[in-house]
1. Please determine whether any residue of region 381-389 is at pLDDT 95 or above, farther than 17 Å from Leu132 by Cβ and either surrounded by fewer than 16 Cβ atoms within 10 Å (Cβ to Cβ) or not assigned by TED's automatic domain parsing to the domain that holds Tyr84 (or both).
2. Taking the options Asp400, Asp364, Asp355, name whichever one is in a loop (DSSP other than H, G, I, E, B), in the same structural domain as Tyr261 (by TED's automatic domain parsing) and farther than 21 Å from Ala260 by Cα.
3. What residue, among those in region 178-223 that are of a type in the set (Val, Ile, Thr) and farther than 27 Å from His481 by Cβ, is surrounded by the most Cβ atoms within 10 Å (Cβ to Cβ)?
4. If you check Thr87 against the conditions, is it of a type in the set (S, T, N, Q) and modelled with pLDDT under 95?
5. Going by what's in this entry, would Ser393 be described as assigned to a helix (DSSP H, G or I) and either out of contact with any Leu (no Cβ under 7 Å at 6 or more places or on another chain) or among the small types (Gly, Ala, Ser) (or both)?
6. Condition (residue is under 23 Å from Pro374 (Cβ atoms), surrounded by fewer than 16 Cβ atoms within 10 Å (Cβ to Cβ) and within 20 Å of the chain's Cα centre (by Cα)) applied to region 104-126: is it met by at least one residue?
7. Can we say Gly117 is out of contact with any Asp or Glu (no Cβ under 7 Å at 6 or more places or on another chain), part of a helix (DSSP H, G or I) and within 24 Å of Ser214 (Cα to Cα)?
8. Pairs please, first residue from region 145-168 and closer than 26 Å to Ser200 by Cα, second anywhere and basic (Lys, Arg), Cβ atoms under 7 Å, 6+ apart in sequence or on different chains.
Amino acid sequence: MMKLIVSTLGAAFCLTLHAEVAATNAPAPKDELPAIPDGLHKAVLTTNAVTIAGQRVNYIAETGMLPILKADGTSRASIFYVAYTRTGVTNTADPARPLTFCFNGGPGSSSVWLHLGALGPRRVRLNPDGSLPKPPFGLVDNEYSILNSSDLVFIDPVATGFSRVTKDEKNEAFFGDDNDLAAVGEFIRLWTTRHERWLSPKYLCGESYGVYRSAGLAEHLNSASGMYLNGLILVSGVLDFGTIWPQTGNDLPYALILPAYTASAEFHHKLPPDLQSDLPKALAESRAFATGDYLSALAKGRSLPAADRQKIVAELARLTGLKPQVIDENNLRIDESLFRKQLLHDEGVILGVYDTRLTGRDGDPSSPNPDFDPSSAATRGPFAAAINSYVRSELKFANDLPYELLASVQPWNYNIHNNYANASEKLAMAMNQNPWLRVLVLGGKRDLVCPIDTMHHALDHMTLEPSYRTNITYAEYEAGHMMYINQPDLKKMQADLEVFLQP
């Protein structure tokens, strides 16, 4: 197909050649990503089409770097983005169409996973169940994209993708909750302004830490810019880190992850017959036990009577497929590493942490922990190959910098003291101030990183006006953290989002 390649500065299209991002002559400091030079970067536009739900969707893809400016107008950093705008006969954008800003999490992750895994017009070619295909890898048209329902902007926060600080800035200045919200919020404000989309219905779609970011942005955009959002799409995420980080004195995560263990054991046929044949029953029983007898037993600590302890061990074995001895030896507390190592230990197999459906051979059976994550191994290579090829060959964005799928952004400043990071109240404030803000929570049943029950707990405990709770809806999927790598889940996800994005 013939493609038009033009450039843009701001909202107006102009027929000039695009400028390549120049490399700085100064050597990068040790352990620092190469900095980009100061100045504006013109975006590259290409035209293309994709068929979604049997309908041809024409679009313009805009690929570029947007500056984050200082008060004096000079650039602090340039944020890499890819935006897709559906076009009609006139080849111009419709300001009344929904607009969704998308990003992944980490912190330190680029947006490649949502971009080329779920939402964009092209996606990584994987096996239908999301397992690793034989290299070399490839891309296919994404018939499950949501571009038919919303224009899309994929954002790579500083240090991820091609996003870099300018030569006089440090990456660390962006590595923290407040600074991240300020930078990503400024990108959204500036992109919206330059493209004249302030009157468009606006949504955020964040995955993993991107859910935490989305909650903060909903409040930040409101207070800093007066930008009210129509909806948040929260994919496999966390709002309250106290629900996923267990430690002495905090046993809650052990209870909230239990249903994910039950679903994982069911997938691998390790539940007793009455539960194995009925997953909804198994999950209901697991959830009732998790927040009832199990959490109560954990709260008693060493004062739990021996007879009661054995009852808890037996029920945990029933709901997880693990051997009672393993549970007893670990003091009733099953962390994800233990579960991944032990469920199929007799078969010499370990489970993925992001998706327990995906497995790998156990290289060291004597080790107490898995030595790698099979679910990460199944996705990183295909996604890395896809984005590096796609950006340069199809989107025509010339850049010699490495595309950072996952960047090191530690230490990350959560701006808290003697507490867990928690964005629930920011989300509650945004929803209380904007009663039209709707929230769709998506989660995979077999995700051990951000189990969906942790989101239920956080949302159930935030101080929200009761009548606004009807603005929150949930959707569960069969796979794990990146449920969209499982093709049946991707199809369901597209249908769920299409409904959510309707006025």
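The values are calculated or read from the model by the stated rules, or taken from the named source; none is laboratory data. Owing to the predicted nature of the structure, the values given are computational and were not obtained by experimental measurement. FYI the Cβ positions are ideal-geometry reconstructions off the backbone, even for glycines, and counts take in every protein chain you see.
1. Yes, that holds for at least one residue.
2. Sole residue among the options that is in a loop (DSSP other than H, G, I, E, B), in the same structural domain as Tyr261 (by TED's automatic domain parsing) and farther than 21 Å from Ala260 by Cα: Asp364.
3. Per the stated criteria, the residue is Thr192.
4. yes
5. For Ser393, the condition - assigned to a helix (DSSP H, G or I) and either out of contact with any Leu (no Cβ under 7 Å at 6 or more places or on another chain) or among the small types (Gly, Ala, Ser) (or both) - is met.
6. Among the residues of region 104-126, at least one is under 23 Å from Pro374 (Cβ atoms), surrounded by fewer than 16 Cβ atoms within 10 Å (Cβ to Cβ) and within 20 Å of the chain's Cα centre (by Cα), which makes the answer yes.
7. Values: out of contact with any Asp or Glu (no Cβ under 7 Å at 6 or more places or on another chain): yes; part of a helix (DSSP H, G or I): yes; within 24 Å of Ser214 (Cα to Cα): yes.
Yes: the conditions hold for Gly117.
8. Leu147/Arg86; Ser150/Arg97; Asp151/Arg86; Asp151/Arg97
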